[in-house]
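Engineer: The structure under discussion is supplied below as structure tokens; questions concerning it will follow.
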Amino acid sequence: MLKNNHNNDFYEEKLMPILKKTAKVIETITPTSGVITIYDERWQARSQNTIEVGKDVEIERNESLIMYVK
């Protein structure tokens, strides 16, 4: 069976190390929009609650390239 290592490599190298890490909100986060920064990279973010610019958040999980934070 062939395995697609490209997606697994990206997940393990880029996404796994930032789960449970603290990020900074750079565009207000809502359930439908928002942006965080971590390690000088911008990521789309979502949260159940509105989180204002400048706040620190914890990355809980991701779906594709969107980070869900609290």
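What follows draws every value from the coordinates through simple rules; no lab data is involved. Every value quoted in this text rests on a predicted model; they were computed, and no experiment measured them. We place every Cβ from the backbone using ideal geometry, glycine too, and count neighbours over all the protein chains shown.
Engineer: Compute the distance in nm between two label points, each set 7 Å from the Cα along the Cα-to-Cβ direction, one at N49 and one at K70.
Structural biologist: 1.0
Engineer: Give a residue-ordered list of calculated ³J(HN,Hα) values for the stretch 48-61 (Karplus: 6.51 cos²θ - 1.76 cosθ + 1.60, θ = phi - 60°; whole Hz; x for Gly, Pro).
Structural biologist: Coupling constants for the stretch 48-61: 5, 10, 6, 10, 7, 4, x, 6, 8, 9, 9, 7, 8, 6 Hz.
Engineer: Still on this model: I'd like the GluC sites (Glu not before Pro) in the stretch 15-70 restricted to DSSP loop residues with at most 12 other Cβ atoms within 10 Å, sorted by number.
Structural biologist: Details: sites: E27, E41, E52, E58, E60, E63; in loops: E52.
Sites meeting the loop and neighbour criteria: E52.
Engineer: Could I have the simple spin-label model distance between I26 and R61, label points 7 Å from Cα toward Cβ, reported in nm to one decimal?
Structural biologist: Distance between label points: 2.6 nm.
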